[in-house]
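Beneath this line is the structure, given in structure tokens, with notes to follow.
The values are calculated or read from the model by the stated rules, or taken from the named source; none is laboratory data. Just so we're clear, the structure is a prediction, and the values are computed from it rather than from any experiment. Every residue, glycine among them, receives a Cβ derived from its backbone with ideal geometry; neighbour counts consider all protein chains shown. Surface accessibility is based on the protein's heavy atoms, side chains included, excluding ligands, DNA and RNA. Shrake-Rupley method; radii C 1.70, N 1.55, O 1.52, S 1.80 Å.
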Amino acid sequence: MSESTKVPVPASGTVHWIGAGLSTGSGFATVCDAAARVRLWHRTEERAARALAGLGLAGRAEPRAFTLPALAAELAPGDVVVSMLPAPEHAALLGVCVERRAHFACSSYVSDAVLDLVPPAAAAGLVVLTEAGLDPGIDHLFAHALIARAQEEIGAATSAEVSLTSYCGGVPAVPNDFRYRFSWAPLGVLNALRSPARYIEDGEETTAARPWEATRPHVIDGETFEAYPNRDSVPFVAQYGLPPAWRPRTFVRGTLRLEGWLRAWQRVFEELKAGDDMRIAALAAELAAAYPTTDEDRDRVVLAVSLDVRAGSGKTWSGRYLLDLEGTKQESAMARCVSRPLALGVRHILAGALPAGLSRAAETARRSEEWLAELAGEGLEFILDTGA
């Protein structure tokens with residue numbers, strides 16, 4: 001039996017949610033509704049209990065103090081472990097899951113260390129769900145759905161040129177002078193800017209050693225943002241199932257920022273050029289103190305995925321998804337957009353609907369359409385525009 005068809009270990013009904021940071025939102029509440037038993041693991045049991053109270057979920061989940069040995073001692077076969085920890089810590093968690101025959105879910109990209117553990121996890125009948133948040137996550141759902149719709153109209157075997165752009169950003173709902181507030185780890189934001197970006201432009205693979213230097217204006221519904229590429233977009237040509245007959249002229253996955261961000265961050269960019277790891281860590285702490293997201297602030301999440309296809313015959317197709325949400329006093333937009341799709345994936349694991357082995361949020365167009373319909377039904381608002 002292959003990894004993709006192996007029947008998974010039956011879910012026990014118990015979910016272990018690890019971490020209660022800025023991205024733990026209302027999705028966690030839906031897990032509490034769906035699971036027979038939920039444990040929230042945090043740095044201390046007291047902090048876990050405070051987090052539950054802050055989410056209005058006191059008594060709905062059991063608070064726990066997190067260490068790997070403590071988690072391992074409570075894991076049973078078929079339990080589901082949800083990691084809200086930084087991506088470098090996922091492999092260690094997955095390793096414990098494999099040992100204890102528990103399923104694993106996170107919202108982060110698949111690292112090489114996690115990939116190394118997928119074969120033994122699959123052989124043990126375990127689901128490894130990744131890239132099930134906002135970006136990555138909802139962006140994948142949008143892209144798969146758009147490509148499927150374009151294939152129906154243009155034809156997968158028809159020669160065509162393609163432009164796909166996928167830009168996502170968490171920004172202040174009310175702009176400040178810095179054009180940003182930190183809604184996730186500042187060091188992660190800075191290190192992402194230090195990492196080269198690879199993408200396709202004018203039909204050729206292009207690398208930006210300093211991603212901010214490739215920043216361009218990007219207009220969405222008449223509002224001008226600033227957009228730059230991040231990470232490596234090129235592998236997603238295959239991951240999104242772009243037909244071989246379609247040649248990507250533009251294929252960019254990147255980050256949105258408010259207009260004026262490039263100018264406001266010039267001092268930061270100079271530090272990124274010159275600083276070593278120690279200085280960048282110190283800079284992250286300074287910026288976090290200067291520009292925190294406070295209880296009075298409201299964040300905004302904008303995710304825009306666009307696809308344009310031009311066939312050799314001259315026939316064209318264009319479509320886009322747009323998600324544009326503001327946070328509320330009860331929940332930030334970022335927490336809602338990350339936790340909702342992740343929780344949806346966890347509920348599918350509990351229902352036995354995902355196969356053993358590696359799953360991303362969007363493996364197929366059909367799953368993408370199904371998950372988008374479910375998310376829309378739960379109140380996560382977005383629009384689809386195909387010009388029809």
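Report, by residue number, each residue of region 106-117 that is open to solvent by less than 10 Å² (accessible area, probe 1.4 Å) and either part of a helix (DSSP H, G or I) or within 16 Å of Ala76 (Cα to Cα) (or both).
Val114 - this is the single residue of region 106-117 that is open to solvent by less than 10 Å² (accessible area, probe 1.4 Å) and either part of a helix (DSSP H, G or I) or within 16 Å of Ala76 (Cα to Cα) (or both).
Quick one: what pairs do we get from region 308-321, first residue closer than 20 Å to Phe382 by Cβ and in contact (Cβ under 8 Å) with a residue 40 or more places away in the chain, second outside any strand (DSSP E or B) and open to solvent by less than 30 Å² (accessible area, probe 1.4 Å), C-beta under 7 Å, 6+ apart or different chains?
Trp317/Ala150; Trp317/Ile154; Gly319/Leu146; Gly319/Ala150; Tyr321/Phe142; Tyr321/Leu146
For region 68-83, how many residues are touching an Asp or Glu at 6+ places or on another chain (Cβ under 8 Å) and of a type outside the set (A, V, I, L, M)?
The total comes to 1.
Does Trp261 satisfy the criteria of being crowded, with 17+ Cβ neighbours inside 10 Å, touching a residue at least 40 places away in the same chain (Cβ under 8 Å), over 29 Å from Ala361 (Cα atoms) and touching a strand residue (DSSP E or B) at 6+ places or on another chain (Cβ under 8 Å)?
The answer is yes for Trp261.
Of all residues in region 1-18, count the ones that are modelled with pLDDT under 50 and of a type outside the set (A, V, I, L, M).
Matching residues across region 1-18 total 3.
Any idea which of (1) at pLDDT 95 or above; (2) under 15 Å from the mean Cα position of the chain (by Cα) is the one Glu363 doesn't satisfy?
Here Glu363 clears every test but (1).
Test Leu350 against the criterion of being farther than 27 Å from Glu131 by Cβ and in contact with a helix residue (DSSP H, G or I) (Cβ under 8 Å, 6 or more places away or on another chain), and give yes or no.
no
If I filter region 139-173 down to residues being of a type in the set (Gly, Ala, Ser) and touching a strand residue (DSSP E or B) at 6+ places or on another chain (Cβ under 6 Å), which single residue comes out as surrounded by the most Cβ atoms within 10 Å (Cβ to Cβ)?
Gly170
Only one residue in Leu242, Leu256, Leu193 is part of a loop (DSSP other than H, G, I, E, B), open to solvent by less than 70 Å² (accessible area, probe 1.4 Å) and in contact (Cβ under 8 Å) with a residue 40 or more places away in the chain. Which one?
Leu242
Working only within region 264-298, note down all residues that are outside any helix (DSSP H, G or I) and open to solvent by 80 Å² or more (accessible area, probe 1.4 Å).
Passing the criteria: Asp276, Asp295, Glu296.
Could you please find all residues in region 211-232 being assigned to a loop (DSSP other than H, G, I, E, B) and either in contact with a helix residue (DSSP H, G or I) (Cβ under 6 Å, 6 or more places away or on another chain) or without any contact (Cβ under 8 Å) to a residue 40 or more places away in the chain (or both)?
Those that are assigned to a loop (DSSP other than H, G, I, E, B) and either in contact with a helix residue (DSSP H, G or I) (Cβ under 6 Å, 6 or more places away or on another chain) or without any contact (Cβ under 8 Å) to a residue 40 or more places away in the chain (or both): Thr215, Gly222, Asn230.
Regarding Arg179, is this residue outside any strand (DSSP E or B) and either among the basic types (Lys, Arg) or in contact with a Leu (Cβ under 9 Å, 6 or more places away or on another chain) (or both)?
yes
So, in region 336-388, of the ones that are crowded, with 18+ Cβ neighbours inside 10 Å and of a type in the set (Val, Ile, Thr), which residue ends up nearest to Ala121 (Cα to Cα)?
Ranking the qualifying residues of region 336-388, first place goes to Ile349.
Do we find a residue being open to solvent by 20 Å² or more (accessible area, probe 1.4 Å) and more than 22 Å from the chain's Cα centre (by Cα) anywhere in region 319-327?
No, region 319-327 contains no residue that is open to solvent by 20 Å² or more (accessible area, probe 1.4 Å) and more than 22 Å from the chain's Cα centre (by Cα).
If you take just the helices (runs of 4 or more DSSP H) that sit entirely in region 40-100, which of them hold at least 1 residues that are touching a helix residue (DSSP H, G or I) at 6+ places or on another chain (Cβ under 8 Å) and more than 14 Å from Trp17 (Cα to Cα)?
Per the criteria, 90-100.
I'd like to verify a number: residues in region 22-41 that are over 24 Å from Thr328 (Cα atoms) and in contact (Cβ under 8 Å) with a residue 40 or more places away in the chain, how many?
Total satisfying the criteria: 2.
Just to check your reading of the model, which residue among Val305, Val301, Val309 is touching a helix residue (DSSP H, G or I) at 6+ places or on another chain (Cβ under 6 Å), at pLDDT 95 or above and either outside any strand (DSSP E or B) or within 27 Å of Gly56 (Cα to Cα) (or both)?
Answer to the selection: Val301.
Which condition breaks for Arg247 when tested against (1) assigned to a helix (DSSP H, G or I); (2) of a type in the set (D, E, K, R); (3) touching a strand residue (DSSP E or B) at 6+ places or on another chain (Cβ under 7 Å)?
The failed condition is (1).
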